[in-house]
Amino acid sequence: QVQLVESGGGLVQPGGSRRLSCAFSGSIFRFFNMGWYRQAPGKQRELVAAITAGGSTNHADSVKGRFTISRDYAKNTVYLQMNSLKPEDTAVYYCKANVLQQDYWGQGTQVTVSS
């Protein structure tokens, strides 16, 4: 059974940086497409960034140039480097793994951007 454990959330000041990690276990990491999503209070969950099994990436327009998704095949981990954070980036950030139309989700990690 696939398990995803996010870490790295917390309180950060506007303009600051944070790196989220998602540790993958329970299957063969290199076969899975991975993504980061976020959900702010009262809003729908939205895609932030995704990376395919082969390493191709895409980022939401709202985070392009500020956030970067990456993956380490040796560590079975996917990262989200977040720079120039804004208050509107405040949300619970979720990691998702996908293969053959099957999705798996982590429990989420809270990121709060505030002075």
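Computed values, structure above
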| read-out | value |
| --- | --- |
| Pairs where the first residue, in the stretch 59-73, is over 20 Å from ASN33 (Cβ atoms) and the second is at pLDDT 95 or above, C-beta under 6 Å, 6+ apart | ARG66/ASN83; ARG66/SER84 |
| Condition met for SER56 (exposed (fewer than 11 other Cβ atoms within 10 Å of the Cβ) and hydroxyl-bearing (Ser, Thr, Tyr)) | yes |
| Per-region count, the stretch 21-62, residues in a loop (DSSP other than H, G, I, E, B), within 16 Å of LYS75 (Cβ to Cβ) and of a type outside the set (A, V, I, L, M, F, W, C) | 3 |
| Test set (1) free of Cβ contacts under 8 Å to residues at least 24 places away in the same chain; (2) touching a helix residue (DSSP H, G or I) at 6+ places or on another chain (Cβ under 7 Å) - VAL111 fails condition number | (1) |
| Failed item in (1) over 25 Å from GLN1 (Cα atoms); (2) at pLDDT 95 or above, with THR52 passing the rest | (1) |
| Selection count, the stretch 80-105, where residues are closer than 14 Å to GLY35 by Cβ and crowded, with 22+ Cβ neighbours inside 10 Å | 4 |
| Residue tally, condition surrounded by fewer than 16 Cβ atoms within 10 Å (Cβ to Cβ) and under 12 Å from the mean Cα position of the chain (by Cα), over the stretch 10-32 | 1 |
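The values are calculated or read from the model by the stated rules, or taken from the named source; none is laboratory data. Keep in mind it's a predicted model, so treat the numbers as computed, not measured. Every residue, glycine as well, gets a Cβ built from its backbone with ideal geometry; the counts of neighbours run over all protein chains shown.
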